[in-house]
1. Which pairs do you get when a residue that is closer than 18 Å to Gly114 by Cβ, found in the range 8-31, comes within reach of a residue that is among the aromatic types (Phe, Trp, Tyr), reach meaning Cβ atoms under 6 angstrom, with the pair 6+ apart or on two chains?
2. Scanning the range 277-300 for residues that are surrounded by 13 or more Cβ atoms within 10 Å (Cβ to Cβ) and modelled with pLDDT of 85 or more, which turns out farthest from the chain's Cα centre (by Cα)?
3. Looking at (1) surrounded by fewer than 17 Cβ atoms within 10 Å (Cβ to Cβ); (2) at pLDDT 75 or above, find the lone condition where Gly81 falls short.
4. Take Val168 and tell me if it is at pLDDT 75 or above and either surrounded by 13 or more Cβ atoms within 10 Å (Cβ to Cβ) or farther than 30 Å from Leu50 by Cα (or both).
5. For the range 194-215, give me the residue count where each residue is surrounded by fewer than 21 Cβ atoms within 10 Å (Cβ to Cβ) and either assigned to a strand (DSSP E or B) or in contact with a His (Cβ under 8 Å, 6 or more places away or on another chain) (or both).
6. Only one of Gly92, Gly35 is within 26 Å of the chain's Cα centre (by Cα), in the same structural domain as Gly21 (by TED's automatic domain parsing) and modelled with pLDDT under 75. Can you tell me which?
7. Any chance you could count how many residues in the range 261-278 are in contact (Cβ under 8 Å) with a residue 40 or more places away in the chain and part of a strand (DSSP E or B)?
8. Just name the residue that is farthest from Asn236 (Cα to Cα) out of those in the range 263-276 that are hydroxyl-bearing (Ser, Thr, Tyr) and buried (at least 19 other Cβ atoms within 10 Å of the Cβ).
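The values are calculated or read from the model by the stated rules, or taken from the named source; none is laboratory data. All of these numbers come straight from a predicted model, not from anything done at the bench. As a convention, Cβ positions derive from the backbone with ideal geometry for all residues, glycine included, and neighbour counts pool all protein chains shown.
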Amino acid sequence: KRFLPSLLYNSGRVLSYTVIGGIAGAVGSVVGFSGTAKSVVTALSGGFMLLMGLNMLHVFPKLGRLAFRMPKGLGRKLYAGRNRGRGPFYVGLLNGLMPCGPLQAMQLYALGTGSFFAGAFSLLMFALGTVPLMFAFGLVSSLLSAKFTHKMMRASAALVIVLGLFMVGRGLTLAGVSVGGGAPAAGAAEAAKISGKVQEITTSFENGAYVPISVVKGIPVRWTIRVTDADLNGCNNPVTVPQYGIQKKLVPGDNLIEFTPRESGTVTYTCWMGMIRSTITVVESSSQLAAAPGGTQSPF
């Protein structure tokens, strides 16, 4: 009986995530989702997580008014009469609608699959991956004293705030705003070579990292990213260059990206999640082609 509520809750959560993932994938098959929209959703998710964390710490009492709470009437219905034993399952179903940064990131991924089945499968795998931790947390919390539970809540609040800040940073990155973080890749930037009226450059992944490049302003760029099947994973593909409105789905082999830089400076390019970042340094003339800052290592 001690395990049943946690089992019901996680069953509802897995079902909810899977269905929402399928719906997101189906929507993605008919509706385009711009990089700007992704950055806004990601940043807002991070903002909600910050508010939730601060509210859990009771830093600003007035934030309690903004907290997401289940309506009292709905809560009574979920745990009343015939639903009494199934209440945790229904709460798990509603969990899929909560503002949660990692969950929103996976929902964006499901949206990008453009397929009901691929979207549902991606969220199913995500949900199943979190079940052991959630199950263990529910079990342990039921065995702890009230005093220790309070300390765990404060630690959880701090973690939520950190994740919220991370999500806001990712949102800014997806919007083309360069933010700190990540382990820089070693070595100088790859410099483009001017050939006639275009400049060409070929790069490949280095230990899962994006390679920084440098190009000349005003000359069309033909950028080839050469990858193998082993290089690609769900985190580093597709590649986006928010400032130029580019999103490129990579496939094994040569992948061509074309653009013309109109202004000098540093342009960020990133994975679809904003976790792996690198730079395109745009210089005034070919004589200025030089090293650019490093990219960030993939967590995979």
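1. Short answer, once both residue conditions are applied: Gly22/Phe116; Gly25/Phe116; Ala26/Phe116.
2. Val283
3. Result: Gly81 fails condition (2) only.
4. On the way: at pLDDT 75 or above: yes; either surrounded by 13 or more Cβ atoms within 10 Å (Cβ to Cβ) or farther than 30 Å from Leu50 by Cα (or both): yes.
Yes; evaluated as a whole, the condition is true for this residue.
5. 9
6. Only one candidate passes the filter, namely Gly35.
7. Going through the range 261-278, the residues in contact (Cβ under 8 Å) with a residue 40 or more places away in the chain turn out to be 261-264, 266-278.
This time we only want the ones that are part of a strand (DSSP E or B), so: 266-271, 277-278.
Matching residues across the range 261-278 total 8.
8. Within the range 263-276, the match that is farthest from Asn236 (Cα to Cα) is Thr268.
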